[in-house]
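Down below is the structure, laid out as structure tokens.
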Amino acid sequence: MSQTPPPPAPPRARAEIDLAALRANVRALRARAPRSALMAVVKSDAYGHGMVPCARAALAAGATWLGTATPHEALALRAAGIGGRIMCWLWTPGDPWREGIEADLDMSVSGLWALREVTAAAREAGAPARVQLKADTGLGRNGCQPADWPALVAAARAAEDEGLVEITGLWSHFACADEPGHPSIADQLDVFRDMVDHAEKAGVEPEVRHIANSPATLSVPESHFDLVRTGIAMYGVSPSPELGTPADFGLRPVMTLAASVALVKQVPAGHGVSYGHHYVTGSETTLGLVPLGYADGIPRHASGRGPVLVGGEWRRVAGRVAMDQFVVDLGGQTVEEGAEALLFGPGDRGEPTAEDWARAADTIAYEIVTRIGARVPRVYVNEVPEECDERTADE
């Protein structure tokens, strides 16, 4: 007589990615900038959420551009069969410019060295390169300084006249858009307008002008121009607690991080827990072992503070986070091995959020979700067929 097979064992850990939440977030962000196109930034494996599934979900919800940091990320999107406009901006000498041209990427240029390399690649490819000129309006990272801008614009225009490049965009990036009212926001906008004006007077006819990141999309409408670039907000994480919670902006966290409790045991009072015995039990209690550690992206800086929902109660990491595991003091409560430990999620079940972990680790929520390692499988829920668009994605 056949027997019903036992249910599958719960995984050691999982990061559940809610693609319906991501699509809804994209629509909410589009509503914040209704006259601008939206670029879904999927760099760093979509901030730890999985680049290809998240890119497809964002496009289904009406994003018309994808953004990556490195050309290798952008080329991986093309290898996955994703079409449309893809921009990448973090280039180093010797990077695959020709492959970028052949893959129809929009490639950022911040200095003359990059323009020389991309025009050489265009000659080899026998096709013009689509480039966007980046202005350093005050962030002080990548981008061309105002003093060097005329020379870069002139050289790019000469290359365009030669048929080697097509200048598709002019862009920049804010330093302090996540700090409401910071004076640098208005200053950078003024510099950006001046640098765009110079380029256009020199004959540049950009398809898009853009400077707005997630916080600026949410709170600086005068920065929206032709395109907004939404990164962390698309994943339902507030770019700044000072701006508001995700719910304040109609956003929902996309990632839920959970693990199965690996061991539950009773220990006496005065028992040390984890390396260095930075935590010692104050009385007889039960300890639960959570099989996630800093090799999985759990910040060691959250030792003794990181919150976890186990057995319906918030617990804190007891002692140090180790490479593969950490311990919570269950306060005498007993749960079964295999019980769910919720580290963070939307908060619907009373679980902590990524922002709670950020506070515990003295960092930002961006880092919490982005650092979750490849050893933690991503489990995608609420997927829709690739061909669906925003009108049908959630029907």
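Taken together, the values in this text are just the output of simple stated rules run on the coordinates, not laboratory data. Fair warning: this is a prediction, and the values are worked out from it, not measured in the lab. Glycine also receives a Cβ, built like all others from the backbone with ideal geometry; neighbour counts cover every protein chain displayed.
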Projected-area average for the chain over all orientations - Cα convex hull basis, square nanometres: 24.2 nm²
Under 5 Å between amide H atoms, partner at least 5 residues away or on a different chain: which partners does Gln333 have, H built in plane at 1.01 Å? Thr286
Along the Cα→Cβ direction, 7 angstrom out, place labels at Ala202 and Ala125. What is the inter-label distance in nm? 2.2 nm
J(HN,Hα) series, the range 93-101, from Karplus relation 6.51 cos²θ - 1.76 cosθ + 1.60, nearest Hz, glycine and proline x: x, x, 5, x, 4, 5, 4, x, 5
Cut-off under 21 Å on the C-alpha distance; same-chain residues fewer than 8 positions from Lys201 excluded. Which lysines are left, in chain and number order? Lys134
Counting pairwise Cα distances across the range 140-243, what percent come out greater than 20 angstrom? 43 percent
Quick one: what are the phi-derived ³J(HN,Hα) couplings along the range 209-226, Karplus 6.51/-1.76/1.60 with θ = phi - 60°, whole Hz, x for glycine and proline? 10, 7, 9, 7, 9, 4, x, 5, 4, 7, 9, 10, x, 5, 9, 6, 6, 8
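Go through 336-342, 250-256 and give me the packing order, highest mean Cβ count within 10 Å leading.
Numbers: 336-342: 15.6, 250-256: 23.4.
Those peptides, ordered most packed to least, come out 250-256, 336-342.
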Length released on extending from Thr334 to Lys265, taking residue separation times 0.36 nm less the Cα-Cα span: 24.0 nm
Taking amide hydrogens as modeled 1.01 Å from N in the peptide plane, which residues meet the under 5 Å criterion relative to Ala212, leaving out close sequence neighbours? Arg229
Starting from the amide H of Arg130, placed 1.01 Å from N in the peptide plane, find each other amide H under 5 Å away whose residue is 5 or more places distant or on another chain. Met107, Glu166
Where a label projected 7 Å from the Cα of Arg305 along Cα→Cβ would reach, residues of the range 243-283 with amide N under 17 Å: 278-279
In order through the range 270-284: 3J(HN,Hα) via Karplus (6.51 cos²θ - 1.76 cosθ + 1.60), integer Hz, x for Gly, Pro: x, 8, x, 10, 6, 4, x, 6, 6, 10, 10, 5, x, 7, 4
If you put +1 on each Lys and Arg Cβ and -1 on each Asp and Glu Cβ, how big is the dipole of the range 110-150 around its Cα centre, in Debye rounded to 20? 80 debye
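About the Cα centre of the chain, what is the dipole size in debye to 20, counting +1 per Lys and Arg Cβ and -1 per Asp and Glu Cβ, all else neutral? The partial results should precede the final answer.
Values: 35 positive and 51 negative charges, 151 e Å.
Magnitude of the dipole: close to 720 debye.
What does the helix-only formula give at 222 nm for the chain: each DSSP H stretch with n ≥ 4 adding -39500 (n - 2.57), the total divided by the residues, and the result rounded to the nearest 500 deg cm²/dmol? Intermediate values should be presented prior to the final figure.
On the way: 11 runs with 110 residues, N = 395.
It comes out at -8000 deg cm²/dmol, rounded to the nearest 500.
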Shape of the range 272-352, Cα gyration tensor, a/c cut at 1.5: oblate
Measure out, as a whole number of angstrom, how far apart the alpha-carbon centroids of the range 186-230 and the range 329-364 sit. 40 Å
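Where nothing but the Cβ of Lys and Arg (+1) and of Asp and Glu (-1) is charged, how large is the charge dipole of the range 212-334 around its Cα centre, in debye to the nearest 20? Can you show the working numbers first?
Working: 8 positive and 9 negative charges, 67 e Å.
The dipole magnitude comes to about 320 debye.
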The distance between the Cα centres of the range 248-269 and the range 78-100, in whole Å, is 37 Å
Separation of the Arg316 and Val381 label points, Cα + 7 Å toward Cβ, nm: 3.0 nm
Each label sits 7 Å from Cα toward the beta-carbon; between Ala80 and Ala186 the label points are separated, in nm, by 4.2 nm
